[in-house]
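> Can you read through this structure? Questions will come right after.
The values are calculated or read from the model by the stated rules, or taken from the named source; none is laboratory data. Given the structure is predicted, the values throughout are model-derived calculations rather than measurements. Neighbour counts run over all protein chains shown; Cβ positions are idealised from the backbone, glycine included. Calculation scope for accessible area: heavy atoms of the full protein, side chains included, ligands and nucleic acids excluded. Shrake-Rupley method; radii C 1.70, N 1.55, O 1.52, S 1.80 Å.
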Amino acid sequence: MSTAIESEQTFVDKFPDEARVVRAAFLSSFFALLLGAIFGIIQTLHRTDVARIIPSTDYYTVLTAHGVFMVISFTIFFLVGLFTWALTRSLDRPLLNIKITWTWYGLMATGMTLTGISILAGFVDSIDMSADVLYTFYAPLQAHPLFYAGLTVFIVGTWIAGADWFRTFLAWRREHPDERIPLQTFMVLTTMTMWYIASSAVAASVLLFLLPWSLGFIDQVNPTLTRTLFWFFGHPVVYFWLMPAYMLWYTVLPKIAGGRLFSDPLARVVFVLFVLLSTPVGIHHQYLDPGIAEGFKFISMTNTMFLLLPSLLTAFTVVASVEYGARQRGGTGLLGWLTNLPWRKPEFTGMMLAGLMFAAGGFSGMVNAGMNINYLIHNTLWVPGHFHLTVGTAVALTMMAGTYWIWPQISNKPIYSSQIGLFQVVLWFIGMALMSNAMHAQGLLGVPRRTAEPEYSGFDYPTMFGGFEELNIQIAIGGTLLFVSTILFLGNLVLTMGNPKVSGLAEPLPSPVSGAEDAPQVLDNLRLWVGIALTLVVLAYALPIAAIINRGGLLGPGVGTYPVWLAPLFDALADAAAPLFGAVADLSASVVEVVR
Amino acid sequence: MHIHAYEKLWLALSIVLILALIGTVTYGAVGPGVAMVADSQSTVDAAALDEDERFSEPRVEQVGENEYEAYIVAYQFGFEPSPIVVPANSTVTLHVTSRDVIHGFEVVGTSANTMAVPGEVSEITVETEEPTEYGLVCNEYCGAGHHVMEGKINVVSQSEFESRGGDSE
């Protein structure tokens, strides 16, 4: 509120060291957003055949870069920044040791730089390095070892970040033995719990199979196994992207609307449900995979459908909190209160539009989750249409809108231009409405995703909701608006950084209408939720993974390495390293035999 | 814990929606009999498909009255047989595998869609109707030439199918 008292301190006044980490994380995030946006516009115009400035064979390097920079670097760097702010703010105490904090930030930045180099080297023919494996890196497509090694370092960085927050929480707990866990800290701890469970599988996949295979220590892997381990991680990671947005919707949006969060207990329930249900669902990405029994797919689907519950509850609570805010500002009537909201603030309008698109994304997600109707849209352009509404808007637009609110708190610098901000968030909404809608429609025509040239020589697509060409134009226009919107966001932020520091920007967060005292104690029992979550994961995954290994073996039924040109390179490498690694290889081979 | 009356109502409706979604899929499976790609087929050595009795010769063959089996291999960057010729008004069971990387197998404009995974065999059963031609695309990124990977499924009359010797190769 503009009535903030002069003596009120901002986050950076109180915690200057932590604020520096938050700013560094956000800037890393936005640098990735810039790279992702550049590859995004190249890709949109290429796919729709508006402008093809690269050969189609390089399209997949662009696509890998867009995917990895957007959903790994942009989202996760923003998350670690936001969580550092939220935990420190809500516990009202500094982190235990800022050197550890900078260590994990350094590991994440180093890891992502290595992975980024391995991807971008794919553009340079003279460098014998590439990682054209897309964000999902399905074996037997193989990337340069640097790609996997970088991802590993990055993930280890996030693990240390989680440990940093847990240790700080435990220190707070010793000082406050009888207090409820503050809501934002509760959100940080539950989200990180989910992340540890989820990322363990991709770490196992990379360290046990993909990295040794890319280094030539093992000849082949089981593609279904590594794919299943990827999706063990690949679905909960979408909630890892989403939880920062949820945190902003629950704890910051009601404040901006002029009110307070409707219910603290239900917010806790929602985050607990995500801990429990976000992992035992990954097989819903594999409905069309051979080698996995129908029953396992059905269990995964049932869990997935119940995962709708926390998001449906969120829709209620967020709208109720905003309505409460509007009525506090004098709003009346059944819908009349909508006019009493701060629509001129980009942080408010951005988050509201993001929430609206998330609802649309939720509905297309229900189609994806339906085991049978999924056949119609699996791997068509419908799917990227869906996740550009969810991660591409619900998450990305909320992060941008949230930045307009939080940046002054962590820097004491007012936003350069709220008008540009407002224009930017609305432009994103319009661009995404055009692009995503047309992508969904093309998906229903059968247009595949992940392809440089979706027009084929042997057949034409059927025509409905407008033809293929017309929808291409909508995608190209939408993608261009999104690019412009991103540049406006980044430009506004750069100009903000040039602003002089001022005082009086503090905006404290109010307590909820129904507070933590209304929440049953059991909600704060993290050990219990971890136990149940692990049980559900074992129930959902132990049998499928055992069956996959039993069918194809730990290292797969007779599958090679692609691209083929890599094979001789690795043979040479393996020969050279044989004396050193021979013992290790023998050992691992015998272990494999035993396991088999 | 205090929960607002409207919130309870919303929660109840949400659970009804979730159960209805699960219910429709369950009905689809037991009623109209929508089968999933599953683990019904045994694994195969992707590096030695020419020694496998199912895939050594990609083909379409008759196994009963109006019943046919198709054995299809996806590879960088195409499908065998090419085109895949199947008879009209019949039941065709497609067996799809890959001899290199993971591919997709999507009959454009239909719900005949599956992954093609090296080492595994996807089985889907389709009903053909009148003679027509369908486009076939790989819908999973499979390498630098992914965008040229396409095929054809030609549904031809029973008599034309037989005059071709019953085999599409």
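> Would you confirm whether or not the range A:231-254 contains a residue that is open to solvent by less than 20 Å² (accessible area, probe 1.4 Å), among the aliphatic types (A, V, I, L, M) and within 14 Å of chain B (Cβ to nearest Cβ)?
Within the range A:231-254 (the criterion being open to solvent by less than 20 Å² (accessible area, probe 1.4 Å), among the aliphatic types (A, V, I, L, M) and within 14 Å of chain B (Cβ to nearest Cβ)), the answer is no, since none of the residues qualifies.
> Looking at the structure I just gave you, is residue A:109 more than 14 Å from every other protein chain (Cβ to nearest Cβ) and free of Cβ contacts under 8 Å to residues at least 40 places away in the same chain? Reasoning before the result, please.
Values: more than 14 Å from every other protein chain (Cβ to nearest Cβ): yes; free of Cβ contacts under 8 Å to residues at least 40 places away in the same chain: no.
Spelling it out, it is not the case that residue A:109 is more than 14 Å from every other protein chain (Cβ to nearest Cβ) and free of Cβ contacts under 8 Å to residues at least 40 places away in the same chain.
> Continuing with the same structure: Could you please find all residues in the range B:10-45 being within 7 Å of chain A (Cβ to nearest Cβ) and aromatic (Phe, Trp, Tyr)?
Residue satisfying the conditions is B:10 alone.
> Any idea which residue in the range A:308-349 is nearest to residue A:426 (Cα to Cα), counting only those that are among the aliphatic types (A, V, I, L, M) and at the interface with chain B (Cβ under 9 Å from one of its Cβ atoms)?
A:315
> If a residue has to be more than 8 Å from chain A (Cβ to nearest Cβ) and surrounded by 24 or more Cβ atoms within 10 Å (Cβ to Cβ) to count, how many in the range B:137-161 make the cut?
Total meeting the criteria: 2.
> Something else: Among the listed residues A:349, A:339, which satisfies the condition of being farther than 23 Å from residue A:245 by Cα and part of a helix (DSSP H, G or I)?
Numbers: A:349 fails: farther than 23 Å from residue A:245 by Cα.
Every option except A:339 fails the conditions.
> Can you list residue pairs whose Cβ atoms sit under 8 Å apart, with the first residue in the range A:451-471 being more than 10 Å from chain B (Cβ to nearest Cβ) and the second being of a type in the set (Ser, Thr, Tyr) and surrounded by 14 or more Cβ atoms within 10 Å (Cβ to Cβ)? Count only pairs 6 or more apart in sequence or on different chains.
A:467/A:461; A:468/A:461
> Could you tell me how many of the residues in the range A:520-560 are assigned to a helix (DSSP H, G or I) and within 12 Å of chain B (Cβ to nearest Cβ)? Can you show your working first?
Within the range A:520-560, the first condition is being assigned to a helix (DSSP H, G or I), and the residues that meet it are A:521-524, A:526-552.
Still in the running and within 12 Å of chain B (Cβ to nearest Cβ): A:521-523, A:543-544, A:547-552.
Selection size over the range A:520-560: 11.
> Evaluate the following for residue A:457: is it open to solvent by 60 Å² or more (accessible area, probe 1.4 Å), within 26 Å of residue A:255 (Cα to Cα), modelled with pLDDT under 95 and not in a helix (DSSP H, G or I)? Walk me through how you get there before you give the answer.
Numbers: open to solvent by 60 Å² or more (accessible area, probe 1.4 Å): yes; within 26 Å of residue A:255 (Cα to Cα): no; modelled with pLDDT under 95: yes; not in a helix (DSSP H, G or I): yes.
When the stated conditions are applied, residue A:457 does not pass them.
> What number of residues in the range B:125-167 are hydroxyl-bearing (Ser, Thr, Tyr) and under 30 Å from residue A:132 (Cβ atoms)? Spell out the reasoning first.
First, the residues of the range B:125-167 that are hydroxyl-bearing (Ser, Thr, Tyr): B:125, B:128, B:132, B:134, B:141, B:157, B:159, B:163.
Retained after the next criterion (residues that are under 30 Å from residue A:132 (Cβ atoms)): B:134, B:141.
Result for the range B:125-167: 2.
> Follow-up. Among the residues of the range B:1-20, how many are farther than 22 Å from residue A:317 by Cβ and touching a helix residue (DSSP H, G or I) at 6+ places or on another chain (Cβ under 7 Å)?
Qualifying residue count for the region: 0.
> Could you identify the single residue in A:195, A:172 that is aromatic (Phe, Trp, Tyr), open to solvent by less than 10 Å² (accessible area, probe 1.4 Å) and over 20 Å from residue A:273 (Cα atoms)?
Criteria check complete, one pass: A:172.
> For the range B:97-125, which residues satisfy the criterion of being more than 7 Å from chain A (Cβ to nearest Cβ) and not hydrophobic (A, V, I, L, M, F, W, C)? Before the answer, list the steps.
Residues of the range B:97-125 more than 7 Å from chain A (Cβ to nearest Cβ): B:97-99, B:103, B:105, B:107, B:110, B:112, B:116, B:123-125.
Scanning the range B:97-125 gives B:97, B:98, B:99, B:103, B:110, B:123, B:125.
> Next question, about the same structure. Identify all residues within the range B:126-135 that are within 8 Å of chain A (Cβ to nearest Cβ) and surrounded by fewer than 17 Cβ atoms within 10 Å (Cβ to Cβ); write none if there are none. Spell out the reasoning first.
Applying the first criterion (within 8 Å of chain A (Cβ to nearest Cβ)) to the range B:126-135 yields B:133-135.
Within the range B:126-135, just B:133 meets the criteria.
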